[in-house]
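Derivation of every value follows stated rules applied to the coordinates shown; laboratory data play no part. Just so it is clear, the model here is predicted, and its values are computed rather than measured. Here the Cβ is made from the backbone with ideal geometry for all residues, glycine too, and neighbour counts use every protein chain on show.
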Amino acid sequence: MAEPNVEAAPAGSAPPQGREHWSGQTAFILAAIGSAVGLGNIWRFPGQAYENGGGAFMIPYLLALLTAGIPILFLENAIGHRFRGSAPLAMRRVHRSAEGVGWFHVAICFVIGLYYTAIIAWSLSYFWFSFRLDYGDDPAQFFASQYLQLGEPGTLSAHIVPGVALPLVLVWALTIAILALGIHKGVERLNVVGIPLLVVTFGILAVRALFLPGATDGIEALFTPDYSVLTDPDVWIAAYGQVFFSLSLAYGVMITYASYRRRRSNVTGPALVVAFGNSSFSLLAGLAVFATLGYLAHVQGVGVSDLQGIDGVNLSFVTFPAVIAQMPGGQLFGAMFFASLVLAGLTSLISVMQTISAAFQDKFGWNPRTTAVAVGCVSAALSIVGFSSSTGLFLLDTVDQWSNQLGIVAGAIAMIAAALWFGRRGHELERHLAAVSTIRPGRYWPALVNVVTLLLIYMFMSKAISLAKDGYGGYPTWYIITFGWGTIAFIALVAVVMPWLRWHKDVEHPHLWPSRAQLGLPDRIGVKATERYRPVPRNDDGETP
């Protein structure tokens, strides 16, 4: 049944200005998958599965996807689509005092963007190195001593490594150019081209890896189930953590991306496609990575379990170059692998930077070009100074641990609390999804999200206590306080300060569609919705015909 093309507008209010839109549902899905599919799918998921029971890990992983990943993904999409704004604007419309939650998300994106570009820059360098196999027979020594020119852990260095700084400048220049073009001409075109290319490239890598000698040993190592781990709470925590971080939840990205969807858009269906598409790519990455590791074990005459560096930075920049240097056609295989890292990283980077850009556009009324230059240049300067130095790897390791393991979880807890507890928007968001989507989440969806919040609180507390008690990575206390806890302090400061700055226009009326009256809900301040609001016909751009 067709929905009326109306939205709630307070009597006498001016129509909202037009907001950029995705060209269609496919463009949104590809952009959302581009945000979710990142470096973590390639180097984190396979290692997590291998270390937590192999094939048995798929059981808690699937349950985590169904009970936490998809429900919270629905929540973020519902907030963005209904309240039609960047993370700070949408959260302000959820509850006036919740704007800081949105800025908390923006600050997390800012921090992650600073070091994520460094990893993309490394991948870009290694793409070039692969054609001549510059990393030679000792990739570990090449990566640490020749390429990064690593200094002492837990120290600061002013020495900028030219081989890292140059590709980092190129990555930032490309990022600023894409953001300046806006949603349709920039972000959308990148993902429409980049995501299919990434899937095809990595699919070719997976097929090639499966035909290498010893590949079956690697696949067996990954998927052989150890069901005894299912009684270990840490395995379940790892599964929920993997789903949570892989889907780009609590970054503010999905809120921002959903706000660019047209009002007559199916919300839940594409969200399911994004969730299962992301998981499917993780499985594809697992096949490619462990088939390749099986080949390396075969060449070295050891078992897969004896290999070192099967996840994270070591997997991509030490272990894989060792395989590439020994396999037939290694130059092409290596170039395709690192090209995949660049594509996966760039689509994710653009999503977090667009989240920042959208927030400043909404807050101050800047156009995309001005915002891209301002935000991009500040970010680039900090990124180049911090992460192209000879101690950049250690800084990256520390900042990532606190922002990813603590900051994102805290942001998720705050978002759920603001939307469902203080704002009491659960029923409204459920009715909104039911009104605009083909798949209705049901009345128990908000309750499920509330239950998951208890797990998030446990994850946050256990990790915070562990970091406070045991430290991290053997770094000195001053280093951890400055760059670990200091990162969390910076994120919290942004969340407190930014809501005090004035908006460039009135943002109190989100011009919702369908209205609360159409959803059968009472007005939030005691006046009947049918008396307070009048339906105003608008087109998909939010403009009066």
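For the reader, a short list of remarks on this structure follows.
- Taken over the alpha carbons of the range 175-296 as equal point scatterers, the Debye sum produces base-10 log I(q)/I(0) values at 0.14 Å⁻¹ of -0.85.
- Its Cα centre serving as origin, the chain has a Cβ charge dipole (Lys and Arg +1, Asp and Glu -1) of approximately 2300 debye.
- Subtracting the Cα-Cα distance of LEU332 and ASP506 from 0.36 nm times their residue separation leaves 57.1 nm of extension gain.
- Helix 162-180 axis, angle to the chain major axis (alpha carbon atoms, nearest 10°): 20
- Förster-model FRET efficiency, 22 Å R0, GLN25 and VAL200, C-beta, rounded to 0.05: 0.55
- Per-residue extension of 0.36 nm, minus the Cα-Cα distance of PHE211 and ALA158, leaves a gain of 14.5 nm for this segment.
- Modelled spin-label separation between MET461 and TRP478, with each label point placed 7 Å from Cα along the Cα-to-Cβ direction: 3.4 nm.
- Angle between the chain longest axis and helix 25-36 axis [Cα atoms, degrees, rounded to 10]: 50
- In Å, descending, principal axis extents of the Cα set of the range 285-379: 62, 25, 22
- Modelled label reach - ILE439, point 7 Å along Cα→Cβ, the range 230-250 residues with backbone N closer than 16 Å: 247
- Dipole orientation for the range 219-269: of the candidates LEU230, SER246, ASN266, ASN266 has the Cα lying most toward the positive pole (charges on Cβ; Lys, Arg +1; Asp, Glu -1).
- In the range 219-368, the alpha-carbon atoms span a convex hull of 163 Å³ per residue.
- The range 395-508 shape via C-alpha gyration tensor axes, a/c threshold 1.5: oblate
- Estimated inter-spin distance, GLN146 and ASN450, nm [label 7 Å along Cα→Cβ]: 6.0
- Distance between the C-alpha centres of the range 50-87 and the range 256-323: 16 Å, rounded to the whole angstrom.
- Answer label for Cα extents along the principal axes in Å (calculated), chosen among [x] 79, 58, 47; [y] 78, 49, 46; [z] 78, 56, 42: [y]
- Charge context of TRP500, other residues only, Cβ under 12 angstrom, K/R +1, D/E -1: +1
- Spread of Cα-to-Cα distances over 5 Å intervals beginning at zero, given as percent, for the range 235-303: 3, 13, 15, 18, 14, 12, 10, 6, 4, 3, 2, 0
- Shape call, the range 93-239: gyration tensor on alpha carbons, a/c limit 1.5: rounded
- Folded to 0 to 90 degrees: helix 368-387 orientation relative to the chain principal axis, Cα: 30
- From the alpha carbon centroid of the range 173-252 to that of the range 106-151 is 19 Å.
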